[in-house]
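One structure below.
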Amino acid sequence: FQKERYGDKATGILERTMESAGKYAQACKAVAKELELPVLDLYTAMVDSVDDIGIYFYDGLHFNKTGHEFVLDHLVQAIATNFPSLQVIPDPLTGQPNNSASKCEGIPSSGPYHDHIDSTK
């Protein structure tokens, strides 16, 4: 792939390795600590969760369905822990977090409900 994409500039050396991903994750955590900000360390969470993190990717780089679900679960938990006012409370009837009966106290509604819009205008 490198040769196709970069031609003569391709190094032939793998750049996306577990080792480099781990170093990047450590650097991100260090910056977050220095700035006193929360961090979601998906690298460590994934490595600690299974023997082969390949189950989270369809090509070694891009998340598959399992990977997306893993990220969603951890992101929702991180928001609830670190930014509780931004946590979305699902619709009590459907359990869905993405419809008009779901709530988020930290983000005010910025528009009318869909059934209050006159689409003929």
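Among all residue pairs at least 6 apart or on different chains, which show Cβ distances below 8 Å where the first residue, located in segment 103-121, is charged (D, E, K, R) and the second is in a loop (DSSP other than H, G, I, E, B)?
Matching pairs, first to second residue: K103/V88.
Quick one: which of L35, L14 is open to solvent by 60 Å² or more (accessible area, probe 1.4 Å) and at pLDDT 95 or above?
One residue alone meets the criteria, L35.
Among the listed residues G54, G12, G7, which satisfies the condition of being of a type outside the set (A, V, I, L, M, F, W, C) and within 18 Å of the chain's Cα centre (by Cα)?
That would be G54, the only listed residue that is of a type outside the set (A, V, I, L, M, F, W, C) and within 18 Å of the chain's Cα centre (by Cα).
For segment 1-41, which residues satisfy the criterion of being polar (S, T, N, Q) and part of a helix (DSSP H, G or I)?
Result: Q2, S20, Q26.
The values are calculated or read from the model by the stated rules, or taken from the named source; none is laboratory data. None of the values given here were measured: they were computed from a predicted structure. Counting neighbours? That spans all protein chains shown, and the Cβs are built from the backbone with ideal geometry, glycine included. In case anyone asks, the SASA skips ligands and DNA or RNA and just uses the protein heavy atoms, side chains included. Shrake-Rupley method; radii C 1.70, N 1.55, O 1.52, S 1.80 Å.
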